[in-house]
Amino acid sequence: DLSLLRFISAELTRGYFLEHNEAKYTERRERVYTCMRIPKELEKLMFFGIFLCLDAFLYVFTLLPLRVFLAMFRFITLPCYGLRDRRLLQPAQVCDILKGVILVICYFMMHYVDYSMMYHLIRGQSVIKLYIIYNMLEVADRLFSSFGQDILDALYWTATEPKERKRAHIGVIPHFFMAVLYVFLHAILIMVQATTLNVAFNSHNKSLLTIMMSNNFVEIKGSVFKKFEKNNLFQMSNSDIKERFTNYVLLLIVCLRNMEQFSWNPDHLWVLFPDVCMVVASEIAVDIVKHAFITKFNDITADVYSEYRASLAFDLVSSRQKNAYTDYSDSVSRRMGFIPLPLAVLLIRVVTSSIKVQGVLAYVCVVLFYCGLISLKVLNSIVLLGKSCQYVKEAKMEEKLFNPVLTATPGKPAGKQQSMFKSTQGSSTDENGSTSVTNQPVHQKENTPSLLVTSNSDQFLTTPDGEEKDISQDSSELKHRSSKKDLLEIDRFTICGNRID
């Protein structure tokens, strides 16, 4: 009998058993635990990546001048040793000299850019204009970073390419001028960013700074509701590392300019401290929320960040091999989109204009400071190398450094894979048999294809990307099939990964 009393009684006394749907609720609980683990795992990756960027950044100020000096010394004393080698300088020495010359030329060109005039020009704009300008600068910085390392790589390869090859380029001089123009324009772009941030710090009502920080949370809207694969998330993580490190350098520039205006009064530093903390806290909060919901919506576990960290560590370890294919700072630039040369030019320009060196004691302090930077660089490199070896060992990637083995790709018969292996013999190795999987072009014999090192761990290294040729014994035509690409082969070609659908 249906009655209101019986309905109310049933609503008050009815029961249910969650264990009947145990798998569903266990999955929900694991998702909660994954979101709770994201901040820790993400910050461990960010911490490691920021120190990698710091290592590449300090290299420009410390070891690069010494390497340029040694290269120039070898070039000057070359007649004393005789021409026993066809090369006047080694490829690495040529690249070091090019980097040093670009750095010096762009530094002197930056003297023609008036920072004070730029500051007052930007300060005279309205808040809404500055907000639009800041967004445009952020987009332009990503575009410059995406194309800048290609320009530098083209210059390095053009200057060091073996002479017996057929010329297929426009020459070293045009590439050199392109590189100088790029570094100069990118340095000006970063200067405008720093100036806009400085204006926001010095505004009375802090409205511009608040709007700029709230712009970070708009990034969440453009990211979390899109489909992400593991490789896309890896690219976005690298972009976030680069963005956070660049923001730290911009904050340092802002603090230097403000302290100079107030005659290096330490009390003013405490006035800037709350705003600096707000900028840093907003960056960390946005990254945590963004990555937490991306991993939730795409069913990606928190362990993926340890894989990303191992891939970055592999770059560092492979660059320390005897005949590495690329310099480590260039490897970081390709992977993260962080190019240290423009940022270094701007920082040198700001420091030299903000700090006046007068007297013998001041020069002694400069020398001691430079020795301290070298010590910091060496200590940071030693610690990073030790941690990188640990991460590579934990990820069981040692065989990729010394004895790379081409194994069957998941979903492909071993027979076809072996036929591919036979058709791709003759890969370039060094004297100890070690290989590198970085992306810089290397000198190989003509008509000798390079061997693609793949991994036997599907959960560590793969998501669909690219195409490979499937050679069939029964048919002569080629069938294109999407391959699973190693994380170690992913660079910043899609550094704006948070815009990938």
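The values are calculated or read from the model by the stated rules, or taken from the named source; none is laboratory data. Not measured: the values here are computed from a predicted model. In this analysis, Cβ positions are derived from the backbone assuming ideal geometry, glycine residues included, and neighbour counts consider all displayed protein chains. To get the accessible areas, we keep the full protein, side chains included, count just its heavy atoms, and leave off ligands, DNA and RNA. Shrake-Rupley method; radii C 1.70, N 1.55, O 1.52, S 1.80 Å.
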Checklist entry - Taking the stated definitions as given, is residue 243 in contact with a strand residue (DSSP E or B) (Cβ under 6 Å, 6 or more places away or on another chain), within 29 Å of residue 38 (Cα to Cα) and open to solvent by 20 Å² or more (accessible area, probe 1.4 Å)? => result no
Checklist outcome for this item: Residue pairs qualifying under the 6 Å Cβ cut-off, at least six apart or on distinct chains, with the first in segment 143-157 being over 18 Å from residue 328 (Cβ atoms) and the second being part of a helix (DSSP H, G or I) and open to solvent by 60 Å² or more (accessible area, probe 1.4 Å), are 151/178
Checklist entry - Does residue 354 satisfy the criteria of being open to solvent by less than 40 Å² (accessible area, probe 1.4 Å), out of contact with any His (no Cβ under 8 Å at 6 or more places or on another chain) and over 28 Å from residue 239 (Cα atoms)? => result yes
Checklist entry - How about segment 375-384: which of its residues are open to solvent by 70 Å² or more (accessible area, probe 1.4 Å) and either among the hydroxyl-bearing types (Ser, Thr, Tyr) or not in a helix (DSSP H, G or I) (or both)? => result 375
Item to check | Whichever residue in segment 154-210 is closer than 28 Å to residue 251 by Cβ, in a helix (DSSP H, G or I) and open to solvent by 60 Å² or more (accessible area, probe 1.4 Å) and, among such residues, is modelled with the lowest pLDDT | outcome: 210
Checklist outcome for this item: Selection from segment 284-315 of residues of a type in the set (D, E, K, R) and surrounded by 19 or more Cβ atoms within 10 Å (Cβ to Cβ) yields 287, 290, 307, 309, 315
Checklist outcome for this item: If we ask which residues in segment 357-374 are within 19 Å of residue 55 (Cβ to Cβ) and open to solvent by 60 Å² or more (accessible area, probe 1.4 Å), their number turns out to be 3
Checklist entry - Looking at segment 214-230, which of its residues are under 23 Å from residue 144 (Cβ atoms) and either polar (S, T, N, Q) or part of a helix (DSSP H, G or I) (or both)? => result 215, 216, 218, 219, 223
Next on the checklist: Whether any residue in segment 25-34 is at pLDDT 90 or above and farther than 21 Å from residue 311 by Cβ is what I want to check.
Outcome noted: no
Checklist outcome for this item: Restricted to segment 316-351 and to residues being touching a Ser or Thr at 6+ places or on another chain (Cβ under 8 Å) and of a type in the set (A, V, I, L, M), the residue surrounded by the fewest Cβ atoms within 10 Å (Cβ to Cβ) is 324
Item to check | Residues satisfying the stated conditions in segment 66-90, i.e. at pLDDT 85 or above and either surrounded by 15 or more Cβ atoms within 10 Å (Cβ to Cβ) or touching a His at 6+ places or on another chain (Cβ under 9 Å) (or both) | outcome: 67, 68, 71, 72
Item to check | Residues (farther than 15 Å from residue 300 by Cα and open to solvent by 30 Å² or more (accessible area, probe 1.4 Å)) located in segment 221-231 | outcome: 221
Checklist entry - Is it fair to say residue 93 is touching a helix residue (DSSP H, G or I) at 6+ places or on another chain (Cβ under 8 Å), more than 26 Å from residue 216 (Cβ to Cβ) and modelled with pLDDT under 90? => result yes
Checklist entry - When segment 387-416 is examined, which residues are found to be modelled with pLDDT of 75 or more, part of a helix (DSSP H, G or I) and open to solvent by 40 Å² or more (accessible area, probe 1.4 Å)? => result 387, 389, 390, 393, 394, 398, 399
Next on the checklist: Would you confirm whether or not segment 205-223 contains a residue that is of a type in the set (Lys, Arg) and at positive phi?
Outcome noted: yes
Checklist entry - Which residue pairs have Cβ atoms closer than 8 Å, lie 6 or more positions apart in sequence or on different chains, and pair a first residue in segment 318-341 that is within 14 Å of residue 401 (Cβ to Cβ) with a second residue that is surrounded by fewer than 24 Cβ atoms within 10 Å (Cβ to Cβ) and at pLDDT 80 or above? => result 320/385
Checklist entry - Under 7 Å by Cβ, and 6 or more places apart or on different chains, what pairs join a residue from segment 92-103 that is at negative phi with one that is among the polar types (S, T, N, Q) and assigned to a helix (DSSP H, G or I)? => result 94/160; 95/160
Next on the checklist: Anything in segment 340-357 that is assigned to a helix (DSSP H, G or I) and aliphatic (A, V, I, L, M)? List them, or say none.
Outcome noted: 341, 343, 344, 345, 346, 347, 348, 350, 351
Checklist entry - In this structure, is residue 203 farther than 22 Å from residue 131 by Cβ and of a type in the set (Ser, Thr, Tyr)? => result no
